[in-house]
Amino acid sequence: MSASTEGNARAAGYAPHPYVGGRTAALRALAAWRMRWPGAPRVIVLTGNPGSGRSRLLTGFLMMCDPEYRKQLPMDDLDPATVPPDLPAPAVPSAAGRTAAQVLWLLADHFELAAGRTEDVFAELAARDEPVTIVVPDVDQAGPVRAAEEAARVVREVLTPLAATETVQLLADVPRELATELAGALPASQVQVIDLDAPEWADPKGLVLHAETALDAGSGAPELPYTTDPAARRALAEALAARAAGNRLTVQLAVQSLLMQPEGFDPADASQLPTNVGEALDLHARRLGADPQTLRLMLAPLAFAEGDGLPVQLLGTLANAVAGRDMSRDLADGMLLAAPFIQPVEPSSEDDEDGTGEDAQAGAGDGRTLLRLMHPALAEEIRSGLPDVRDTQTRIAMALLEEVPQQDWAQADPYIRDHLAAHTLEAGLLPQLLTDPGLFAHADPVILRAAIEAVPLEQLGAPARTYLRTAPLLTRSQASATLRAAFLESAFVEDGLAPYAEALHTRGFRLPWRTLWSVPLAGVRAVTTGSVAAAGEDGTAVSRPVAALLVPEGTPGSRTLPDAADGAVASQDGTAAGEDAGAVNGDGAAAAGGRTALLLHDLRAPEYVDADPSQVVQPSEEDRAAAPLGFSRGADYLRVWARADRRMVAALVSDSPVTDADLSPDGVLVVATERGVTARQILVAAPSAAPSVPAQRTGTTDADASHGLEGDHS
């Protein structure tokens, strides 16, 4: 199959694909792959230069692979060799904006796999009786942070293992610099690389048709001599295609430019036709009497924009920062100049991911206008023309930081809150930014985590390392900003960063608890709250609240329990059904292996208590029943609720399995996990502030929490 098949298809009278408008050779290869034609490869790697039309080709092919959408296409008029069989639609986990882990778990969800670890996904796919078909588009746009180079991770951690799985039929749209790596991991007989810029896959006639259709006044173009006269239109289309050297984006930008502003354009002057994306920008500016550098500076903020796009209200601020001068007049007078290269974007619903607006400024995330460039290749061209990308990102980051009112992240524009880290990453300033716990809580955890992970660990300060440790829990639970703050507050205490934990109580959050202390004890088998007699300051006996921890014998500071006392420490686990006492006690712990000991810790202060274990007094059943709060727990979560109205007042998700827990009558929750023991004072909020239960991915172990869908598990 080669480009010569294009002419054969037209000679046979077949209509071009209504969306692709050509690419017969590539479509035939893709159709043969889809029907598993004898000799067809199991894996196809689609690649090409930016703007070569990979996405358009893949979209057009997937139209024919979708049973419902193909009903809208003139299938009988198309070359039969380009039409894939009528089969169920393949899995299409787009990599655009997603991490490698997100792409993988989208696949796991699509195929309803029971996998709890990444390697289990590939193993389960390999064990299937029937082959599965997977199409992964937009790998070049992978990742929530541009500078983190997520595309390489998608290729190495997802596509390469998928390609090696014999039951997987894979088609992936991969940038050229990674295409050779992916293809080289397989035997030559199993893989085919379709490079749309290579002569055997080029489609010059299809590009002419693409330009001719775009210029047609009957298709919506303004009535001009070269849009209404078929001969003139054809001649211009051929000239555009020839000058663009096969690059569809260059042709598209040239056509949009001359149709939007036809004044001053001479179709007979080939020097007015661009040969690449950069010339399309510069020729457009010169034809309209503007300085090409001014146009590039106007578009530069969009070339650095992250996520869905840049809020229009930030365009002027960032343009001034990039240019180092006031660009307001240029922007006011030049939007028509920039129009062919910009497109508006509907804001993402994730701008206010809490659904409450608690951490978004008034009006943000509700009808605001976002702007982005027409194509990522435009961004690459504009960025490459700047003298110092890192310096430009520094200017942008500083300008964004100045837009945060009183450095209050709750009032920050969602774009700044979520994407400032990405800008500072490329500027080399991210470690300096990672000192504000308010930012940690408010920023989108998927984006912030991706940015931090791109920084060498040795360059990160202690707060950033704590965030990185906690990030899998934040993304797995899809917690709101308030609950993220609560989880981080506990994590800071666990890591000995109490001032950062305390700072979160001053940032306007209504936290469900205050973490009192945390100890990194391994092997804690049960916990209970109680009290021991102690001497007060005046020498009189007082009751000192303690947490009694059942630990392995030999734990420093512990006292071995006599056999008769083994049952003295019992865990009290309130349940939603009846608040029954749990069955875990000293006898059960001892039966699990080895003698046990008791370690006493002050219930409210970060210090151990040296006292006789036999003197521990536990709350009576009457005391517990009269307490205002109860709790229930699962393998890695707890819920605390008010007994009076069954209203949940706190929801805790742990990043390691919960071994045991107890709740004192005055509301101190002591939780033992595989990592250690932590005590939290539950802060009962008003009924309207009751927390929602965080979403959780079922079937995953906590050790693999970081491999979850990272906050986008749908």
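The values are calculated or read from the model by the stated rules, or taken from the named source; none is laboratory data. Keep in mind that what you see is a predicted model, and the values were worked out from it rather than measured. Note: ideal-geometry Cβ built from the backbone for every residue, glycine included; neighbour counts use all protein chains shown. Ligands, DNA and RNA are stripped out before the accessible areas are found, and what is left, the full protein with its side chains, is counted by its heavy atoms. Shrake-Rupley method; radii C 1.70, N 1.55, O 1.52, S 1.80 Å.
Here Asp120 clears all of (1) open to solvent by 20 Å² or more (accessible area, probe 1.4 Å); (2) modelled with pLDDT of 95 or more except the condition numbered (2).
Just name the residue that is surrounded by the fewest Cβ atoms within 10 Å (Cβ to Cβ) out of those in the range 218-232 that are of a type in the set (A, V, I, L, M, F, W, C) and farther than 10 Å from Leu259 by Cα. Only one residue fits best here, namely Ala231. The single condition among (1) open to solvent by 30 Å² or more (accessible area, probe 1.4 Å); (2) within 19 Å of Ala379 (Cα to Cα); (3) of a type in the set (Lys, Arg) that Arg248 does not meet is (1). Determine, yes or no, whether Thr529 is closer than 16 Å to Glu607 by Cα, of a type outside the set (A, V, I, L, M) and either out of contact with any strand residue (DSSP E or B) (no Cβ under 9 Å at 6 or more places or on another chain) or at pLDDT 80 or above (or both). The answer is yes for Thr529.
Could you please let me know if Leu430 is buried (at least 24 other Cβ atoms within 10 Å of the Cβ) and free of Cβ contacts under 8 Å to residues at least 60 places away in the same chain? Spelling it out, Leu430 is indeed buried (at least 24 other Cβ atoms within 10 Å of the Cβ) and free of Cβ contacts under 8 Å to residues at least 60 places away in the same chain.
The set of residues from the range 507-544 being of a type in the set (S, T, N, Q) and closer than 20 Å to Ala479 by Cβ comprises Thr515, Ser518. Under the condition of being over 30 Å from Leu429 (Cα atoms) and among the acidic types (Asp, Glu), the residues counted in the range 135-180 number 2.
Per the conditions (1) open to solvent by less than 10 Å² (accessible area, probe 1.4 Å); (2) assigned to a helix (DSSP H, G or I); (3) within 22 Å of Thr506 (Cβ to Cβ), the sole criterion not satisfied by Tyr415 is (3).
With respect to (1) more than 19 Å from the chain's Cα centre (by Cα); (2) surrounded by 20 or more Cβ atoms within 10 Å (Cβ to Cβ), the lone exception for Pro144 is condition (1). Of all residues in the range 371-409, those satisfying the criterion of being under 24 Å from the mean Cα position of the chain (by Cα), among the hydrophobic types (A, V, I, L, M, F, W, C) and assigned to a loop (DSSP other than H, G, I, E, B) are Met374, Val404, Trp409.
Among the residues of the range 84-105, the one identified as buried (at least 20 other Cβ atoms within 10 Å of the Cβ), aliphatic (A, V, I, L, M) and either in a loop (DSSP other than H, G, I, E, B) or touching a Leu at 6+ places or on another chain (Cβ under 6 Å) (or both) is Ala95. Do we find a residue being open to solvent by less than 10 Å² (accessible area, probe 1.4 Å) and touching a residue at least 24 places away in the same chain (Cβ under 8 Å) anywhere in the range 283-290? So far as the range 283-290 goes, yes, one or more of its residues are open to solvent by less than 10 Å² (accessible area, probe 1.4 Å) and touching a residue at least 24 places away in the same chain (Cβ under 8 Å).
For Glu112, the conditions (1) part of a helix (DSSP H, G or I); (2) of a type outside the set (A, V, I, L, M, F, W, C); (3) farther than 30 Å from Asp418 by Cβ all hold with the exception of (1). Cβ separations smaller than 7 Å between residues 6+ apart or across chains give the following pairs from the range 149-171 residues that are more than 11 Å from Val139 (Cα to Cα) and of a type in the set (Asp, Glu) to residues that are open to solvent by less than 10 Å² (accessible area, probe 1.4 Å) and not in a strand (DSSP E or B): Glu157/Ala100. If you filter the range 471-516 down to residues that are surrounded by fewer than 23 Cβ atoms within 10 Å (Cβ to Cβ) and among the basic types (Lys, Arg), you find that the one that is modelled with the lowest pLDDT is Arg507.
Based on what the data block shows, is Ala108 within 30 Å of Asp444 (Cβ to Cβ), surrounded by 20 or more Cβ atoms within 10 Å (Cβ to Cβ) and touching a helix residue (DSSP H, G or I) at 6+ places or on another chain (Cβ under 7 Å)? In short, yes. Look at the range 53-70: where a residue is within 15 Å of Asp86 (Cα to Cα) and a partner is outside any helix (DSSP H, G or I) and acidic (Asp, Glu), sitting 6+ places away or on another chain with Cβ atoms under 9 Å, you get Pro67/Asp86; Arg70/Asp86.
Of the residues that make up the range 532-540, is at least one surrounded by 19 or more Cβ atoms within 10 Å (Cβ to Cβ) and at negative phi? Yes, some residue in the range 532-540 is surrounded by 19 or more Cβ atoms within 10 Å (Cβ to Cβ) and at negative phi. Please work out if Ala202 is without any contact (Cβ under 8 Å) to a residue 12 or more places away in the chain, part of a loop (DSSP other than H, G, I, E, B) and open to solvent by 10 Å² or more (accessible area, probe 1.4 Å). No: the conditions fail for Ala202. Go through the range 437-473 and give me each residue that's without any contact (Cβ under 8 Å) to a residue 60 or more places away in the chain and closer than 24 Å to Pro311 by Cα. Passing the criteria: Leu439, Phe440, Ala443, Leu448, Ile452. Applying a threshold of 6 Å to beta carbon distances and a minimum spacing of six or more residues, or different chains, the list of pairs starting in the range 668-683 at a residue that is touching a residue at least 60 places away in the same chain (Cβ under 8 Å) and ending at one that is open to solvent by 20 Å² or more (accessible area, probe 1.4 Å) and outside any strand (DSSP E or B) reads Glu674/Pro657; Gly676/Pro520; Gly676/Leu521; Val677/Leu521.
Being among the acidic types (Asp, Glu) and at pLDDT below 95 holds for only one residue in Asp391, Asp408, Asp444, Asp418, and it is Asp408.
Identify, from the list Arg325, Arg368, the residue that is at pLDDT 90 or above and not in a helix (DSSP H, G or I). Full working, then the answer.
Numbers: Arg368 fails: at pLDDT 90 or above.
Within the list Arg325, Arg368, the selection yields Arg325.
Which of the residues belonging to the range 621-659 are loosely packed, with under 15 Cβ neighbours inside 10 Å and polar (S, T, N, Q)? None; the set is empty.
Go through (1) of a type outside the set (Ser, Thr, Tyr); (2) open to solvent by less than 20 Å² (accessible area, probe 1.4 Å); (3) over 22 Å from Ala15 (Cα atoms) one by one and return the number of the condition Leu215 breaks. Leu215 satisfies all of (1) of a type outside the set (Ser, Thr, Tyr); (2) open to solvent by less than 20 Å² (accessible area, probe 1.4 Å); (3) over 22 Å from Ala15 (Cα atoms) except (3). Taking the range 436-470, which residues are out of contact with any Phe, Trp or Tyr (no Cβ under 7 Å at 6 or more places or on another chain), more than 19 Å from Pro414 (Cβ to Cβ), open to solvent by less than 10 Å² (accessible area, probe 1.4 Å) and part of a helix (DSSP H, G or I)? Listed by number, the list holds a single entry, Ala464.
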